[in-house]
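The values are calculated or read from the model by the stated rules, or taken from the named source; none is laboratory data. The shown structure was predicted, so the numbers you read here are calculated from the model rather than taken from an experiment. Cβ sites come from the backbone with ideal geometry, for glycine too, and all protein chains shown count toward neighbours.
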DNA sequence: TATAATAATGACTAACCAGTCAATTGTCAA
DNA sequence: TTGACAATTGACTGGTTAGTCATTATTATA
C-alpha cells in the first residue's frame, strides 16, 4: 500500500472520530508513524487530503449506484438501490461520518463545489430511477419523491452511523421497508411541492461541469497506469473517439463495458457513459 | 437588551455563517463593539456561549411545539405541527443553521448530552402526536412513522436553510404536502422496521433526566426575576406543590396555565407539565 | 466633590497549528 | 566502498487561539 493510501486510511479514522478541523497534521502523522514532513510529500495541503478522500469514496459510490440503477431488472431496482446505499454506508462508516459532518460545515470552496457536484449527480441517478420505475404517471410529483428518497437514506444512515450502541440492523428488512414507503408515496401522493423551478434554482449553485479536457486528462493518466491489455486498448480507443467521434455507438458501448469490470476504471467509465450520451 | 443577549445575537449570526469553531471570541467581541474581556463577564467560556444559545432556542422551540400538539384540535394537528416547525426554522434560520452544523460535529460532552436530551423530548412529542392522530391502529409502525416525520422536517428544512438562492417557499403548501405524505404512510405502511427495542437502545445515550432539584432551582430563579403578581404567585405555589404535593390536579393545571402566557415561563411550564404527570 | 464599588479594557500568556526547509538518513549503481 | 540521488526528518516560522488579569474608566453613593 502506498504512503498516500496509508495516510488517507488513518486520517479518515481520525476525521470520523474528531472532525476535520479538530484533527491536526501532527496527529495524523503520529498515527501513521511518519514525520510531519513526509505528509507533505504525499499531499500539497490538509485541504487536498480531504478532497482526495471525498473524491475517492464518492467516485466509487456514484459509479456503483449508477451502474446498478442502469442494469438492475425492474423488480429488484428499488430494493437493490436502497440495499446498496445502506450497505455502502455501513461498510465505509468512517467515510459516512466524515461526509455528514463536513457536508454543511466546510468553508473550502473547492470542496463545497465538489460536494454540490456529487450531490447533483446523485439527484440525477435518483430521478432516472424514479422515471424508470414509475414512468409518466408520476411526473408531477417526481421531485417530491426524490426528496423523500433522499430523506429516507439520510435519516436511516444517521441512525446507524451515530449510534453509540452498535445496532446490528437488518439491512434486508430496512431496504424492504424503504421500498414499501417509496412505493406508497409514489402511488398516492397528489400534492406537488418541489417544482421543476425549485430544482433548477438549487442547481444554479453547481456551476461545475466535467469538461472534455478533464476526461481526456483522466484517460491519459489511466492509460499510463493500467497494465491489462484489453482495458488499456479500450481506453486508447475511447480517447480517440472523444477527440474525433470516429466509432459507432455499439463499439463505444462495448468498449465502456470492457472498463466496467476493472476496479480502477469505475469512475472513468461513469464519466464516459455521460460524455458519450449513453446509458 | 442585556450585554449577554447582544453577544448571543451577534455570535449566532457569525456561527451560522462560519461555524462555531471557525469563529473566534475576538471576532464576536469586535462585531459587538466590546472588548474581549467583557465577553468573559457574561460567559464563563466559549463553550458556555453555544450551550446558552442551544438552550435558549431549543427551550422555546420544544415548549411551543409541545403546547401546540397538546392543544390543537384534531383536524389541524398535523398541519399546525409542520407549519410551526417550518416557520420556526425560517424565522430563526441562523439558529437552524447552527443546529444542523453542530449536531454531528461537536466534541463537547455537555453540549452533546443537551442535544440528545432535546432530540429525545422532540421524539416524545412526535410520538404523542402520532398516537393522538392515529391511535391504536398504527402501533406497529408508529416508530417508523416517527422517523419519517423527522426525515421530512430535516430534509425540507435544509432545502431552504442552505440554499444560496433565497427560495421564498410557500410554507402553507409545503405543510399540506407533508401532511399528505404522513397520512399516506400512516395508512398504508405494513412493514415494521424501527422496533421498540431499537428506540430503547438509541435512548440509552440519553442518561440525563431533569431532576426535581433542577426544577426547584429554576423555579426559584424565575420567582426572583418575574414581576407579574399572578405569575409570581403561581410559581411560588407550584414550587411548594413540587416539594409537598399539597395541591389538587385541577389547581395545578390551572396554575400551569397561568404560566403559559408569560414569554419567560414557557420552558418551566413545559417541565412542570411533565413533572406533575399532566398533559 | 470625594470615595467606593462596579464595569470594561486590551496587552499578555501559553498553547496550538499549517506549512517549510536545511540537515540527515537510506538506497542503489558503479 | 564510494558517491550521487532520493526519501525522510523535525526544529522552526509566522500565525492564530482561548482565556487571564492588572489597569483604567464609569457609575453610584455619601
Could you give every pair whose Cβ atoms fall below 6 Å, whose first residue belongs to region A:13-40 and is more than 11 Å from every other protein chain (Cβ to nearest Cβ), and whose second residue is within 11 Å of DNA strand C (Cβ to nearest atom) and not in a helix (DSSP H, G or I), counting only separations of at least 6 or pairs across chains?
-> A:14/A:23; A:15/A:23
Which listed residue is away from chain B (no Cβ under 11 Å), in contact (Cβ under 8 Å) with a residue 40 or more places away in the chain and either more than 20 Å from the chain's Cα centre (by Cα) or within 15 Å of residue A:89 (Cβ to Cβ) (or both), from A:138, A:130, A:191, A:125 = A:138
Is it fair to say residue B:43 is within 14 Å of another protein chain (Cβ to nearest Cβ) and within 15 Å of DNA strand D (Cβ to nearest atom)?
-> no
Residue A:60 fails exactly one of the following numbered conditions: (1) touching a residue at least 12 places away in the same chain (Cβ under 8 Å); (2) within 16 Å of DNA strand C (Cβ to nearest atom); (3) surrounded by fewer than 20 Cβ atoms within 10 Å (Cβ to Cβ). What is the number of that condition?
-> (2)
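Of these, B:17, B:4, which one is surrounded by fewer than 19 Cβ atoms within 10 Å (Cβ to Cβ) and over 28 Å from residue B:270 (Cα atoms)?
From the options B:17, B:4, the qualifying one is B:17.
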Which members of region A:175-188 meet the condition of being more than 25 Å from the chain's Cα centre (by Cα) and either crowded, with 20+ Cβ neighbours inside 10 Å or more than 7 Å from chain B (Cβ to nearest Cβ) (or both)?
-> A:185, A:187
Given the conditions (1) farther than 24 Å from residue B:125 by Cα; (2) surrounded by fewer than 17 Cβ atoms within 10 Å (Cβ to Cβ); (3) away from DNA strand C (no atom under 16 Å from the Cβ), report the number of the one that residue B:36 does not fulfil.
-> (3)
Long-range neighbours under 7 Å by Cβ, at least six apart or interchain, first residue more than 7 Å from chain B (Cβ to nearest Cβ) within region A:148-174, second assigned to a loop (DSSP other than H, G, I, E, B) and surrounded by fewer than 19 Cβ atoms within 10 Å (Cβ to Cβ) | A:160/A:167; A:160/A:169
Positions within region B:24-33 being surrounded by fewer than 20 Cβ atoms within 10 Å (Cβ to Cβ) and near DNA strand D (Cβ under 10 Å from one of its atoms), in sequence order = B:24, B:25, B:26, B:27, B:29
Starting from residues that are closer than 22 Å to residue A:67 by Cβ and out of contact with any helix residue (DSSP H, G or I) (no Cβ under 7 Å at 6 or more places or on another chain), keep the ones in region A:91-106 and report whichever is surrounded by the fewest Cβ atoms within 10 Å (Cβ to Cβ).
-> A:91
Identify the single condition in (1) under 17 Å from residue A:138 (Cα atoms); (2) buried (at least 17 other Cβ atoms within 10 Å of the Cβ) that residue A:192 does not satisfy, given that it satisfies every other one.
-> (2)
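Do any helices (runs of 4 or more DSSP H) lying entirely in region B:133-216 carry at least 3 residues that are at pLDDT below 95 and within 19 Å of residue A:157 (Cβ to Cβ), and which ones are they? Walk me through it before giving the result.
Details: elements: B:142-161, B:171-188, B:196-203.
Hits in region B:133-216: B:142-161, B:196-203.
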